[in-house]
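Comments concern the structure below.
The values are calculated or read from the model by the stated rules, or taken from the named source; none is laboratory data. Predicted model, so just to flag it, every value in this text is computed and none were measured. Here the Cβ is made from the backbone with ideal geometry for all residues, glycine too, and neighbour counts use every protein chain on show. Accessible surface is based on the protein model in full, side chains and every heavy atom, while ligands, DNA and RNA are left aside. Shrake-Rupley method; radii C 1.70, N 1.55, O 1.52, S 1.80 Å.
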Amino acid sequence: MNPSSTNTYTHYRVCNFCEAMCGLEITHDKKQVLSIKGDEKDPFSKGSICPKGAIMGDMYNDPDRLRKPLKKTNKGFVEIEWEEAFDIVGNRLNSIRTQYGNDAVGLYFGNPTVHNYGALLYVADFKKAVRSKNNYSATSMDQLPHHFASQFMFGNGMIIPIPDINRTDYMIIIGANPSASNGSIMSAGGVQKRLRDIQQRGGKYIVIDPRITETAKSADEHLFIQPDTDVYFLLAMLHIIIQEKKTNLKHVEKYSAGFEEIQSIATAYTPENVSQITGIKADDIRKITEEYLNTEKAVLYGRMGVSTQSHGGLCNWLINLINIITGHFDKPGGAMFTNPAVPVVRNIKGRKPYGRWKSRVRNLPEFQGELPVAAMVEEMETEGKGQIKALVTHAGNPVLSSPNGHRLDTALDGLEFMVSIDIYLNETTKHADIILPPTTGLEVDHYDIIFNSFAVSNTAKFSEALFPAQYGQLHDWQIFKALTKRLSKKKLPWLYRVSTPKLLLKLALLNGPYGNLSSIKRLFTGLTLRKIKKSVHGVDLGPLVPMFPKLLRTKDQKIHLAPQPFLDQLEVLHTRFKEEKDKLLDNEFRLIGRRHLRSNNTWMHNVEKLVSGKNRCTVMINTIDAERLGLKNEEEVVVKSRVGEVKIPVEVTKNIMSGVVSIPHGFGHHKKGTKLKVAEAHAGVSVNDLSDHDRIDTLTGNAAFSGQVVQIIK
């Protein structure tokens, strides 16, 4: 920290509230934050900041934040000391494992786990100590189809193509809203400027979405699409490419396999045939495809809207496939791969990707050590060997974020024991017997391991903690180490016992592609943690570069264009395509979610600056549909699904497709027993009291939130 005057100091760090990795410049007096703005000298984000990053000081000072362990008693929660808390957790979990087996302990990890490098580096050892097959995370409510497609096509679920947004001249954005998400599976601080730059250099970007999103409002073109039908649009694109012989495999021909198998898979999906089901005119499908094909630097990008639906796996496979076979892959301006300073792609080839075990009730397969979160609640409710009797959660609020959340709310009361590692007493952690609150935000060192792996350019930045942990506080990694010690059946190695996140990061950087040990040339010039720390604004490691075939991890060192599980799932789709389209009743609609720039999933609603203003938890409905049903703006309606119903005010707008309604996710802070000061006017309702836990992408197991049928009742 460098003094900028007698009593004020400047601290530089990366915001870790979302995936964007925006650099922050924080002015403080060593006791409190005085101001926060974007760091204009940050080589990655170049001064970008959103409302979330600007309130980091408010999160740090939130009086509702927990700072000491809590124990549930008959009179409510009481504070206890750390050693007592660890002993209770260790004894209870070990007792349950002894009585029922290891699988009786379920694990759930929320998105913030990967936003914290200390937690990320020590969570794997914790999982190994628990040795449970009932392992769940937010991945299967969010991005699992991306990892699934990459595992089968490239040999590793972390080899995910990233749009080279900085150099592309034509970008098709389908089911994504980067202006609200700041980029997702595409870390891109200042993404709105990057999109404008496409237009300023003579290019264009197209948005395909059931809603005119914040991104669509600035796009060159927007097309409405019926929810849950993106797969047909992508197959129509593939049909045109194959029929018109517009494939270009020269750059990957030597290390790709399966091209013959894809020649006929899209034969039936002509633009005319898919037009009615998607709602996109055949001429528009042809025009967009031709523009994409005729632009040298072009890329097709899809995100939440194509992942959280019935065909998420097929959609992500087709997006990769189209980019590959048209020559828009591993090239500047196309779909490329980050080369991070700390690699997350391991050198293991040929490992079975999934299905090593399955859930008891629905027989859903494991992927990368996790079962689909849609199965978690039934594994608690259903008796028998392997039933979840205890649950450990870290940085997650599945009562609000998982399918059919109110059912989980009830099931958590039936557990024999529950422990939550979390900074809040919220809708999920209120069920815990023990809550272990870690340090957070400005008290924590930070290095982005995961999001540097999905970034639109190669950079490295280390953020020291701004404020020291208060007496008695522990970091996430210290909590995991303490629990691992009590749950492990073997004596932990000496190196593990003395290790710290900084030590592990130092070693990882030394062995990384820019490190001292990566080559003889870099023996004295390689990237080290010391050099990164010295560059307080961050280190620019250059633009994305071609990474194939050396990045491939398939057993035969080839890109698999036509993996069998995807071809098998296509056969199921063919049958559905031939059937008559579902007909909705007059008051039935397809439900989609939405995200706001001022919040992040189920948290941040405790900061007044982020929730002030008009109510953002509304059900959006098209003007024509509202008139037909006799609905007025702000009128309260009942939205009803197969599994539940909510009361919510209407937002009448032309910015959503007719026949479609939208409710934002992350709200619903009205449940008793929490310690949150969220005002009633901003509490909202949980869209996941409507989402059906039985509705999943059958290929990947990912929750299918988008496209569910609901009724609007006046």
For this session: Run down 710, 687, 638, 652 and say which single residue is open to solvent by less than 10 Å² (accessible area, probe 1.4 Å), in contact with a strand residue (DSSP E or B) (Cβ under 8 Å, 6 or more places away or on another chain) and not aromatic (Phe, Trp, Tyr).
Result: 710
Seminar exercise, completed: Among 138, 85, 129, 124, the single one that is under 28 Å from residue 472 (Cβ atoms), under 24 Å from the mean Cα position of the chain (by Cα), modelled with pLDDT of 95 or more and aliphatic (A, V, I, L, M) is 124
Seminar exercise, completed: Filtering the range 198-233 down to residues that are over 11 Å from residue 657 (Cα atoms), in contact with a helix residue (DSSP H, G or I) (Cβ under 9 Å, 6 or more places away or on another chain) and among the hydrophobic types (A, V, I, L, M, F, W, C) yields 206, 207, 208, 216, 219, 231, 233
Exercise. Is there a residue in the range 570-580 that is among the hydroxyl-bearing types (Ser, Thr, Tyr) and either surrounded by 22 or more Cβ atoms within 10 Å (Cβ to Cβ) or over 30 Å from the mean Cα position of the chain (by Cα) (or both)?
Worked result: yes
Problem set entry | Residue check, residue 218 out of contact with any Lys or Arg (no Cβ under 7 Å at 6 or more places or on another chain) and either closer than 29 Å to residue 598 by Cα or of a type in the set (D, E, K, R) (or both) | yes
Problem set entry | Breaking point among (1) surrounded by 12 or more Cβ atoms within 10 Å (Cβ to Cβ); (2) over 29 Å from the mean Cα position of the chain (by Cα), for residue 608 | (2)
Problem set entry | Any chance residue 117 is free of Cβ contacts under 8 Å to residues at least 60 places away in the same chain, in contact with a strand residue (DSSP E or B) (Cβ under 6 Å, 6 or more places away or on another chain) and surrounded by 13 or more Cβ atoms within 10 Å (Cβ to Cβ) | no
Exercise. Does the range 299-309 hold any residues that are farther than 25 Å from residue 198 by Cα and in contact with a strand residue (DSSP E or B) (Cβ under 8 Å, 6 or more places away or on another chain), and which are they?
Worked result: 308
Seminar exercise, completed: Of 561, 584, the only residue that is in contact with a Gly (Cβ under 8 Å, 6 or more places away or on another chain), exposed (fewer than 15 other Cβ atoms within 10 Å of the Cβ) and aliphatic (A, V, I, L, M) is 584
For this session: Report yes if residue 160 is under 30 Å from residue 13 (Cα atoms), buried (at least 21 other Cβ atoms within 10 Å of the Cβ), among the β-branched types (Val, Ile, Thr) and in contact with a Leu (Cβ under 9 Å, 6 or more places away or on another chain), otherwise no.
Result: no
Exercise. If we keep just the residues of the range 666-692 that are at pLDDT 75 or above and small (Gly, Ala, Ser), which is nearest to residue 641 (Cα to Cα)?
Worked result: 691
Exercise. Name the strands (runs of 3 or more DSSP E) wholly within the range 283-383 that hold at least 2 residues that are out of contact with any helix residue (DSSP H, G or I) (no Cβ under 6 Å at 6 or more places or on another chain) and crowded, with 20+ Cβ neighbours inside 10 Å?
Worked result: 298-302
Problem set entry | Filtered residues of the range 229-282 (kept if of a type in the set (D, E, K, R) and on the phi < 0 side of the Ramachandran plot) | 230, 244, 246, 250, 253, 254, 260, 261, 272, 281
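Conditions (1) aliphatic (A, V, I, L, M); (2) under 30 Å from residue 138 (Cα atoms), marked per residue:
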position: 235; (1), (2): yes, yes
position: 262; (1), (2): yes, no
position: 270; (1), (2): no, no
position: 283; (1), (2): no, no
position: 286; (1), (2): no, no
position: 301; (1), (2): no, yes
position: 306; (1), (2): yes, yes
position: 315; (1), (2): no, yes
For this session: Go through the range 1-60 residue by residue and tally those that are closer than 15 Å to residue 598 by Cβ and not β-branched (Val, Ile, Thr).
Result: 13
Problem set entry | Matching residues, the range 658-684, being open to solvent by 20 Å² or more (accessible area, probe 1.4 Å) and of a type in the set (A, V, I, L, M, F, W, C) | 676, 678, 679, 681
For this session: Please specify each residue of the range 463-519 satisfying the condition of being without any contact (Cβ under 8 Å) to a residue 40 or more places away in the chain, among the aliphatic types (A, V, I, L, M) and under 26 Å from residue 56 (Cβ atoms).
Result: 465, 469
Problem set entry | Answer from 544, 551, 591 - the residue that is of a type outside the set (Gly, Ala, Ser), closer than 24 Å to residue 308 by Cβ and in contact (Cβ under 8 Å) with a residue 12 or more places away in the chain | 591
For this session: Those residues that are in a loop (DSSP other than H, G, I, E, B) and at negative phi, I need them from the range 384-413; list them, please.
Result: 385, 387, 388, 389, 396, 397, 402, 403, 413
Problem set entry | Search result, residues across the range 145-157 that are open to solvent by less than 10 Å² (accessible area, probe 1.4 Å) and of a type in the set (A, V, I, L, M, F, W, C) | 148, 149, 153, 154
Exercise. Of all residues in the range 562-585, which are at pLDDT below 90, in contact with a helix residue (DSSP H, G or I) (Cβ under 9 Å, 6 or more places away or on another chain) and either farther than 23 Å from residue 275 by Cβ or not aromatic (Phe, Trp, Tyr) (or both)?
Worked result: 581
For this session: Report the residue count in the range 261-272 for those that are open to solvent by 30 Å² or more (accessible area, probe 1.4 Å) and touching a residue at least 60 places away in the same chain (Cβ under 8 Å).
Result: 2
Exercise. Are there any pairs with C-beta distances below 8 angstrom linking a residue in the range 597-624 that is over 21 Å from residue 64 (Cβ atoms) and in contact (Cβ under 8 Å) with a residue 12 or more places away in the chain to a residue that is basic (Lys, Arg) and buried (at least 18 other Cβ atoms within 10 Å of the Cβ), with the two at least 6 apart or on different chains, and if so which?
Worked result: 597/52; 620/211; 620/594
For this session: Taking only the range 5-35 into account, find how many residues are more than 12 Å from residue 442 (Cα to Cα) and of a type in the set (A, V, I, L, M).
Result: 3
Seminar exercise, completed: Of 124, 129, 85, the only residue that is in a helix (DSSP H, G or I) and free of Cβ contacts under 8 Å to residues at least 24 places away in the same chain is 124
Exercise. Taking the range 417-444 on its own, how many of its residues are open to solvent by less than 10 Å² (accessible area, probe 1.4 Å), hydrophobic (A, V, I, L, M, F, W, C) and touching a residue at least 40 places away in the same chain (Cβ under 8 Å)?
Worked result: 8
Exercise. Using beta carbons and a limit of 9 Å, which pairs, at least six apart or on different chains, have the first residue in the range 48-75 and open to solvent by less than 20 Å² (accessible area, probe 1.4 Å) and the second one assigned to a strand (DSSP E or B) and among the polar types (S, T, N, Q)?
Worked result: 52/600; 57/35
